[in-house]
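S.K.: Below you will find the structure I want to go over with you.
The values are calculated or read from the model by the stated rules, or taken from the named source; none is laboratory data. All of these numbers come straight from a predicted model, not from anything done at the bench. No Cβ is skipped: glycine too gets one built from the backbone with ideal geometry, and neighbour counts run over all protein chains shown.
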């Protein structure tokens, strides 16, 4: 896909981190960008910076997502690009024993479902609604009608202790990538997924520097945290390269996560 000012994009979770870096990268190519996020202040500031539009969207809510797409399309037109970065995580063991009194408790099912709803169902909700919109467009001269990039995690393959919900949600994103790419292949809409490793995003912002240094040192090469701009670089390749389809790609410096 050749990117220019005739192309529109939606980036979920676009107010910060990986999504913000991708929104900036798209805008640098002239693409008109809509940012879907719950962080109104950050999202509005970024939208103003890149000449885009901010839409306050909760990806777990059908009406909120519908309203976001309606606002975005009214402002910048039907998107040909969707980048799904909205997500979150938690760390709770499947079952655990208290060190204080020996009592046993299990992973609260509402907490498990919350992660699945945001990371997996929320991603699919945005894909399905965006793809339906893309199908109303004529293909571009290069044949593409649209391109979708999802965000999973290396936890989809190397889940650590306490990451049952997070790994399940991200594994689901990986698992649905090829079927969705096949579903949409006859409509010339490509679908790919990035599995980031340990990245320097707001989720790590509050961590002490020594913790960040130790995490970076655990990466085979380069021995540092990933930069959001590197995620954006791969996302742009997936969008621009017309033969990139149905793939799940780790972006992790060669790391394989230990149990903890």
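Each row is one residue, and each column tells you yes or no for (1) in contact with a helix residue (DSSP H, G or I) (Cβ under 6 Å, 6 or more places away or on another chain); (2) over 20 Å from residue 235 (Cα atoms).
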{"position": "103", "(1), (2)": "no, yes"}
{"position": "116", "(1), (2)": "yes, yes"}
{"position": "122", "(1), (2)": "no, no"}
{"position": "131", "(1), (2)": "yes, no"}
{"position": "143", "(1), (2)": "no, no"}
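S.K.: Could you go through segment 3-23 and let me know if any residue there is touching a helix residue (DSSP H, G or I) at 6+ places or on another chain (Cβ under 7 Å), in a loop (DSSP other than H, G, I, E, B), in contact (Cβ under 8 Å) with a residue 12 or more places away in the chain and within 14 Å of residue 239 (Cβ to Cβ).
M.R.: Yes: segment 3-23 contains one or more residues that are touching a helix residue (DSSP H, G or I) at 6+ places or on another chain (Cβ under 7 Å), in a loop (DSSP other than H, G, I, E, B), in contact (Cβ under 8 Å) with a residue 12 or more places away in the chain and within 14 Å of residue 239 (Cβ to Cβ).
S.K.: Filter segment 86-102 down to the residues that are assigned to a loop (DSSP other than H, G, I, E, B) and touching a strand residue (DSSP E or B) at 6+ places or on another chain (Cβ under 7 Å), then identify the one that is surrounded by the fewest Cβ atoms within 10 Å (Cβ to Cβ).
M.R.: Ranking the candidates gives 94 first.
S.K.: Do we have any residue at all in segment 65-79 that's touching a residue at least 40 places away in the same chain (Cβ under 8 Å), exposed (fewer than 14 other Cβ atoms within 10 Å of the Cβ) and either more than 22 Å from the chain's Cα centre (by Cα) or part of a helix (DSSP H, G or I) (or both)?
M.R.: Within segment 65-79 (the criterion being touching a residue at least 40 places away in the same chain (Cβ under 8 Å), exposed (fewer than 14 other Cβ atoms within 10 Å of the Cβ) and either more than 22 Å from the chain's Cα centre (by Cα) or part of a helix (DSSP H, G or I) (or both)), the answer is yes, since at least one residue qualifies.
S.K.: Counting just the residues of segment 24-50 that are touching a residue at least 60 places away in the same chain (Cβ under 8 Å) and assigned to a helix (DSSP H, G or I), which one comes out farthest from residue 240 (Cα to Cα)?
M.R.: The selected residue is 24.
Each row is one residue, and each column tells you yes or no for (1) assigned to a helix (DSSP H, G or I); (2) under 17 Å from residue 69 (Cα atoms); (3) at pLDDT 95 or above.
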residue: 118; (1), (2), (3): yes, no, yes
residue: 128; (1), (2), (3): yes, yes, yes
residue: 140; (1), (2), (3): no, no, yes
residue: 167; (1), (2), (3): yes, no, yes
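S.K.: Looking at 98, 167, which is the one that is free of Cβ contacts under 8 Å to residues at least 40 places away in the same chain and touching a helix residue (DSSP H, G or I) at 6+ places or on another chain (Cβ under 6 Å)?
M.R.: 167
S.K.: Can you give me the ranges of the helices (runs of 4 or more DSSP H) entirely in segment 197-252 with at least 2 residues that are in contact with a helix residue (DSSP H, G or I) (Cβ under 9 Å, 6 or more places away or on another chain) and crowded, with 17+ Cβ neighbours inside 10 Å?
M.R.: 228-240
S.K.: Going by the structure shown, is residue 192 crowded, with 21+ Cβ neighbours inside 10 Å and in contact (Cβ under 8 Å) with a residue 12 or more places away in the chain?
M.R.: Judged against the criteria, residue 192 is a match.
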